[in-house]
1. Among all residue pairs at least 6 apart or on different chains, which show Cβ distances below 9 Å where the first residue, located in segment 77-93, is of a type in the set (Lys, Arg) and the second is in a helix (DSSP H, G or I)?
2. Which one of the conditions (1) surrounded by 12 or more Cβ atoms within 10 Å (Cβ to Cβ); (2) assigned to a helix (DSSP H, G or I) does ALA103 fail to meet, given that it meets all the rest?
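The values are calculated or read from the model by the stated rules, or taken from the named source; none is laboratory data. These figures come from a predicted structure and were not determined experimentally. Backbone-built Cβ (ideal geometry, glycine too); neighbour counts: all protein chains shown.
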Amino acid sequence: MAAISSRAASGMMINDGGGWKNSSMAGDGSAQLNARLWSLRTSSKPVRAQPVMGNKNEGKGVFAPLVVLTRNIIGKKPFNQLRGKAIALHSQVITEFCKSIGADAKQRQALIRLAKKNGEKLGFLA
């Protein structure tokens with residue numbers, strides 16, 4: 001495969017494996033040089049970042065170590081079931097509170113979102 005010197009971009013030098021040679025963009029071998037440059041440019045595949053597996057909240061927040069310890073002790077599936085029940089119960093409490101103060105559905109939804117955000121900060125969703 002041909003290497004390109006810093007001067008090759010201006011059409012001065014190219015290394016085809018047999019040493020550096022002068023080359024002119026206009027004239028002898030310019031089509032070959034352009035083909036080589038194009039093949040060098042298009043031969044590499046773009047590199048994709050690998051997705052990061054795991055919880056983005058892992059280890060964050062005051063309660064995160066307790067949450068992780070509990071999950072490791074009781075197992076992932078029972079833990080997620082317990083967490084789901086706790087979240088549903090908390091949403092019901094927020095709904096009842098909104099009914100008692102006369103808040104509309106939009107305000108109730110905003111309070112539920114705020115509760116989720118606070119839970120993330122405190123580490124309950126670790």
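1. What qualifies is ARG83/VAL67; ARG83/ARG71.
2. Here ALA103 clears every test but (2).
Conditions (1) under 31 Å from the mean Cα position of the chain (by Cα); (2) at positive phi; (3) modelled with pLDDT of 90 or more, marked per residue:
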site: ILE73; (1), (2), (3): yes, no, yes
site: LYS76; (1), (2), (3): yes, no, yes
site: LYS85; (1), (2), (3): yes, no, yes
site: VAL93; (1), (2), (3): no, no, yes
site: GLY102; (1), (2), (3): no, yes, yes
site: GLN107; (1), (2), (3): no, no, yes
site: GLU120; (1), (2), (3): yes, no, yes
